[in-house]
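The values are calculated or read from the model by the stated rules, or taken from the named source; none is laboratory data. Only a predicted model underlies this, so the values are computations on that prediction, with no experimental measurement involved. Glycine gets a Cβ as well: all are built from the backbone with ideal geometry, and neighbour counts include every protein chain shown. Each accessible area value is taken on the protein alone, full model and side chains, heavy atoms only, with ligands, DNA and RNA left out. Shrake-Rupley method; radii C 1.70, N 1.55, O 1.52, S 1.80 Å.
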Amino acid sequence: GDRLFVGSPGWRLTESISTKQGALFVYDVPSGPLATSSMLQMISPGSLEQYDEFGAAVACGLDDFGTLWLAVGLPGRDNDAGAVWMYLHDSASATWTRQETLQPAGLQTGDRFGDALALDGDLLVIGAPGADNDGGAVHVHQLQATPLPPPPAPLPAPTPGHAGCPAGFRRYPA
C-alpha cells in the first residue's frame, strides 16, 4: 500500500502540560474500498524541546538516486527561529533514521523556518513565513544521499505577499 505521513505539532509527551513538542505518525494505506489503514510508526524523538512543533510540515519523496527522504519541520525550535530535520528510510528495517538538521545561520526569533515544506526530486523548498518582518522567505536545498552540505541560503521573499504558506499535497508509494 501507500504511506501517509501525519504531523501532529501539538502532540505533547506529558498529559499535565501543553508542551507542543510534536510527533509524526506513519500509516500504511492499503488499496481497496474496504481496506483499513494501520499505524506503522510514531516518530517523536526524545531530543524534542517544549514548543518545537515537530511535524508542523512534512514532505516525503525520492531523490534522483532513488533514496527516500523525509523532511519534518520544527518551526517553533529555538524561540520560533525554526529548523528542519531530515530522515532517510531504511528499507531493511522499515524505519526512518534522522540524518541531518537544517538550520541556516542568521535565523531570527519568529522566522518559523520549516513552517512549510515541498520536496520534488532532489530539491527541498522550505518556507519561513515570519522572516523579513513577516514578509517571509523561501529557502531551497539540494538533497544528496551522502552527508548533507551546509544549510540553504534564503531567497528574497516576493512582494507583496506572505511566503512560506503550505501549498499542496503529494502522495508517494511505499
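Provide the net charge surrounding GLY130, with neighbours chosen by a C-beta distance below 10 Å and charges set as Lys +1, Arg +1, Asp -1, Glu -1. Spell out each step's value before the answer.
Numbers: positive: ARG112; negative: ASP80, ASP111, ASP115, ASP132, ASP134.
Neighbour charge sum, excluding GLY130 itself: -4.
In segment 16-145, a dipole from Cβ-located charges (positive for Lys and Arg, negative for Asp and Glu) runs towards its positive end, and of LEU74, CYS60, GLN21 it is GLN21 whose Cα lies farthest in that direction. In the complete set of protein chains, residue-level accessible area for ASP120 is approximately 100 Å², probe 1.4 angstrom.
Please report the net charge: other residues with Cβ closer than 13 Å to the Cβ of GLY106, K and R +1, D and E -1. Value of the local net charge: -3.
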